[in-house]
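The values are calculated or read from the model by the stated rules, or taken from the named source; none is laboratory data. Being a predicted model, the structure only gives us computed values, none of them experimental. So basically every Cβ, Gly included, is an ideal-geometry build from the backbone, and we count neighbours across all protein chains shown. Each accessible area value is taken on the protein alone, full model and side chains, heavy atoms only, with ligands, DNA and RNA left out. Shrake-Rupley method; radii C 1.70, N 1.55, O 1.52, S 1.80 Å.
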Amino acid sequence: MNHKTGDMGDISVKEGEDSLFRHLAPDTPEAKKIKSLQGREYEYAEYIGMLEYSIARYFYKSDRKITDRDAVSALKNIRKNCRRSIPFFNRDLEKEIIRSLIEVLEEKPVTSHELKLVIDYVLDIIDNRSWMGDEQAYIKWVAYIMDLFTEEEKEEYEKNIKALAAHMGLSSKHADLMLMKGEEEDLFEFIEEYGEEYGNIEEYQEESKEMSRDQKAGKEERAEKRTEERTEERTEKRIEERIEERTEEKAAERKITEEELLAEVESKFRLMSDAEKFDFLLERGPEFYEFVGLYIPELAEKREFTRIQELYSKLTAKYDNFLYLYVVMGATYLEIDPFLSKFYFQQALKTLDKLEGFSDATREKLRTSFLSFIEKIG
């Protein structure tokens, strides 16, 4: 994209006279047709990344007391006054963001409309962290993601996130996702890969046909599975006894904590066959609700959506007000089918009002979280 700065040409501009607008390309009809950067993150990754890095760097190196609200205020002010020169902005955070954006715009300018979409995108990211109940939820997260923390600070942050996930009833897989763990640490790459995985159905079907032709491999796999199932059966009685002893009194008698017992049952659950996991959740879903958060994402990864809906239908028919089930379903379908995801979060919101046992603070946090998801889906 070619860019000219009016009559200024190549004349250098002092910072006192400089502004974001001087580095922006003219708006075009094509650019104005873009309504959101959702699904187009890769095209604008440089600008989104630089904007977020400037916020993280300022927090980490200059002011550890700034909050997400400060970042939102700065971004909105920049968005509104991008034509203003740098001295117009009073806060150092705003100047830091502007200078950082100018660096990338000098090499590859975008239009004013596109820049505003970049800012809107980051504002949405900040808002999507609001459910965590920390006024620095986004600030800390982006500093962690940008690898600015020391090893000790990283460990402390990861510990806090895992504790939060556990408190919300989320699985360790969800906690890892919040921490951007895994082979794809970049959110844009993760979203793209996730979408393509479910979008290329024809390729997946072809792969399945090829696998079915290999009869020898199939027989070996089935034989191995039968061996595993026989091994599992030999320990079934002992594990079932442990499950029945899930009371504080009996756990104390056996000198085993509730957390240790749950970890042991989870280990057993992970080794179960698909049919066993399915039946286990039908029998004990609400009691071991954490395992719903393990099994449904596992089915989604294998594209077994019919199986997911079968489990969902049977669980909702058997158990009233299964709040966690709705949350897991909403999260699972968030990228796959936003309309369906919205329905599940709406069900979670309705169920929340029917349940007792939550503190007012917890209930309000959950309500805010569900409403945020519903609003973002549209």
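Just one of Tyr47, Tyr157, Tyr58 is buried (at least 21 other Cβ atoms within 10 Å of the Cβ), more than 28 Å from Ile377 (Cα to Cα) and of a type outside the set (A, V, I, L, M); which is it? It would help to see each step written out before you state the result.
On the way: Tyr47 fails: more than 28 Å from Ile377 (Cα to Cα); Tyr157 fails: buried (at least 21 other Cβ atoms within 10 Å of the Cβ).
So the residue among Tyr47, Tyr157, Tyr58 that is buried (at least 21 other Cβ atoms within 10 Å of the Cβ), more than 28 Å from Ile377 (Cα to Cα) and of a type outside the set (A, V, I, L, M) is Tyr58.
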Problem set entry | Answer residue from segment 349-378, given it is more than 25 Å from Leu123 (Cβ to Cβ) and β-branched (Val, Ile, Thr) and is most open to solvent (accessible area, probe 1.4 Å) among those | Thr362
Problem set entry | Subset of segment 316-348 [surrounded by fewer than 18 Cβ atoms within 10 Å (Cβ to Cβ) and part of a helix (DSSP H, G or I)] | Thr316, Ala317, Lys318, Pro338, Phe339, Leu340, Phe343, Gln346
For this session: Report yes if some residue within segment 294-305 is within 26 Å of Ile126 (Cα to Cα) and either touching a residue at least 24 places away in the same chain (Cβ under 8 Å) or open to solvent by less than 10 Å² (accessible area, probe 1.4 Å) (or both); otherwise report no.
Result: yes
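Return yes when Glu364 is over 19 Å from Leu164 (Cβ atoms) and among the acidic types (Asp, Glu) and no when it is not. Give the derivation first.
On the way: over 19 Å from Leu164 (Cβ atoms): no; among the acidic types (Asp, Glu): yes.
In short, no.
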Exercise. Within segment 249-277, how many residues are in a loop (DSSP other than H, G, I, E, B), among the polar types (S, T, N, Q) and either open to solvent by 60 Å² or more (accessible area, probe 1.4 Å) or at pLDDT below 75 (or both)?
Worked result: 1
Seminar exercise, completed: Residues of segment 69-95 being buried (at least 19 other Cβ atoms within 10 Å of the Cβ) and more than 17 Å from Lys116 (Cβ to Cβ), in sequence order, are Asp70, Leu93, Lys95
For this session: Could you pull out the residue among Leu323, Leu334, Leu311 that is in contact (Cβ under 8 Å) with a residue 12 or more places away in the chain, touching a helix residue (DSSP H, G or I) at 6+ places or on another chain (Cβ under 7 Å) and over 22 Å from Lys376 (Cα atoms)?
Result: Leu311
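Restricting to segment 121-168, and then to whatever is assigned to a helix (DSSP H, G or I) and among the polar types (S, T, N, Q), can you tell me which residue is nearest to Lys76 (Cα to Cα)? Break it down stepwise before answering.
First, pick out the residues of segment 121-168 that are assigned to a helix (DSSP H, G or I): 121-127, 130-132, 137-145, 151-167.
Going one step further and asking which of them are among the polar types (S, T, N, Q), we end up with 130, 160.
On the way: Ser130: 17, Asn160: 29 Å.
So, considering only residues that are assigned to a helix (DSSP H, G or I) and among the polar types (S, T, N, Q), the one nearest to Lys76 (Cα to Cα) is Ser130.
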Seminar exercise, completed: Looking across segment 96-148 at residues that are among the basic types (Lys, Arg) and closer than 17 Å to Asp68 by Cα, the single one that is surrounded by the most Cβ atoms within 10 Å (Cβ to Cβ) is Lys140
Seminar exercise, completed: Subset of segment 104-133, residues more than 13 Å from Ile48 (Cα to Cα) and without any contact (Cβ under 8 Å) to a residue 60 or more places away in the chain, comes to Glu107, Met132
